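Chemist: A single structure is presented below for examination.
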Amino acid sequence: MRVWDAPVRLLHWGQVAAVALAWWCRNDTGPLHERTGYVAIALLLARLLWGRWGSRYARFAQFVRSPRATLAYAQAALVGNAPRYIGHNPLGGAMVLALLANLGALGFTGWLYTTDLFWGYGWLASLHQYLAWLLLALVALHVAGMLWTCWQHRENLVRAMITGEKMPPSGDDVA
Ligand code: HEM
Ligand code: HEM
């Protein structure tokens with residue numbers, strides 16, 4: 001069945017490319033780093049809009065759960081006892097928010113540093129740098145959690161994020 005619509009998939013892999021490029025040229029003195037950073041911000045804003053008006057599984061309201069439900073899911077996932085979700089599972093939903101919030105803060109501090117008012121402030125450059133490292137750590141967790149879920153449910157989630165297709169729900173799966 002179709003789960004991830006085309007904008008979700010394009011925005012995801014576009015974001016991966018933009019962040020990788022911004023990271024790769026982070027020491028670039030030319031405009032390349034700022035431009036790729038702005039592309040990342042544009043993709044983030046588009047994802048926020050799509051989270052409100054996109055198709056069913058793209059919507060924040062579909063996959064953002066309460067802290068209590070997220071914790072309960074995390075406990076079940078750690079012991080390999082979590083149900084399969086057709087959309088993002090509660091922990092994945094929390095990770096989506098963390099990744100997007102971090103990207104927003106990263107883009108904002110990067111832009112702020114280029115303004116006349118804040119140019120040259122060492123603490124702001126450091127903050128921007130720490131946020132970039134934090135994003136890297138979150139991405140590592142994101143990929144690790146995703147691989148763990150793949151293993152638990154014998155399902156290729158990366159392929160699903162490329163084709164948009166997943167096996168329909170069965171048994172105790174959460175649709
Ligand atoms: C800069 C790096 C990355 C960022 C910022 C990022 C961000 C995100 C976000 C925001 C989502 C939610 C998708 C949505 O609803 O729009 C997501 C999901 C996903 N990402 Fe990433 N991601 C990154 C890297 C990766 C990499 C390297 C892989 C694979 C090797 C990956 C695989 C996936 C998969 C499979 C999902 C769907 C998870 C699920 O089935 O619930 N991501 N990612
Ligand atoms: C995904 C987005 C971004 C990532 C991953 C990222 C990452 C980084 C990192 C790691 C550095 C530190 C470079 C070093 O000294 O080793 C850096 C520096 C910098 N970034 Fe970004 N950045 C992003 C977005 C942006 C944006 C949107 C802007 C501005 C429009 C920006 C402007 C700058 C500037 C001006 C510096 C140099 C600060 C200094 O002099 O130390 N960045 N960025």
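Chemist: Could we say that L11 is more than 16 Å from ligand 2 (Cβ to nearest atom), closer than 23 Å to W111 by Cα and not aromatic (F, W, Y) here?
Modeler: Considered against the rule, which asks whether it is more than 16 Å from ligand 2 (Cβ to nearest atom), closer than 23 Å to W111 by Cα and not aromatic (F, W, Y), L11 comes out as no.
Chemist: Here's a follow-up. Does segment 163-172 include one or more residues that are within 15 Å of ligand 1 (Cβ to nearest atom), outside any loop (DSSP other than H, G, I, E, B) and not small (G, A, S)?
Modeler: The answer is yes; a qualifying residue exists.
Chemist: Checking W24 against (1) among the aromatic types (F, W, Y); (2) surrounded by fewer than 16 Cβ atoms within 10 Å (Cβ to Cβ); (3) closer than 30 Å to P169 by Cα, which single condition isn't satisfied?
Modeler: Evaluating W24 over (1) among the aromatic types (F, W, Y); (2) surrounded by fewer than 16 Cβ atoms within 10 Å (Cβ to Cβ); (3) closer than 30 Å to P169 by Cα leaves (3) as the failure.
Chemist: If you take the residues of segment 43-53 that are without any contact (Cβ under 8 Å) to a residue 24 or more places away in the chain and within 13 Å of the chain's Cα centre (by Cα), which of them is surrounded by the most Cβ atoms within 10 Å (Cβ to Cβ)?
Modeler: G51
Chemist: Tell me, yes or no, whether segment 141-151 has at least one residue that is more than 10 Å from ligand 2 (Cβ to nearest atom), assigned to a loop (DSSP other than H, G, I, E, B), within 12 Å of the chain's Cα centre (by Cα) and closer than 27 Å to A46 by Cβ.
Modeler: No.
Chemist: Now for a different question. Contact list please: Cβ distance under 6 Å, first residue in segment 141-164 and small (G, A, S), second residue more than 11 Å from ligand 1 (Cβ to nearest atom) and modelled with pLDDT of 95 or more, pairs at least six apart or on different chains.
Modeler: Pairs found: G164/R2.
The values are calculated or read from the model by the stated rules, or taken from the named source; none is laboratory data. As the structure is a computational prediction, the values presented were derived from the model and not from experiment. Ideal geometry is used to build each Cβ from the backbone, glycine not excepted, and the neighbour counts take in all protein chains shown.
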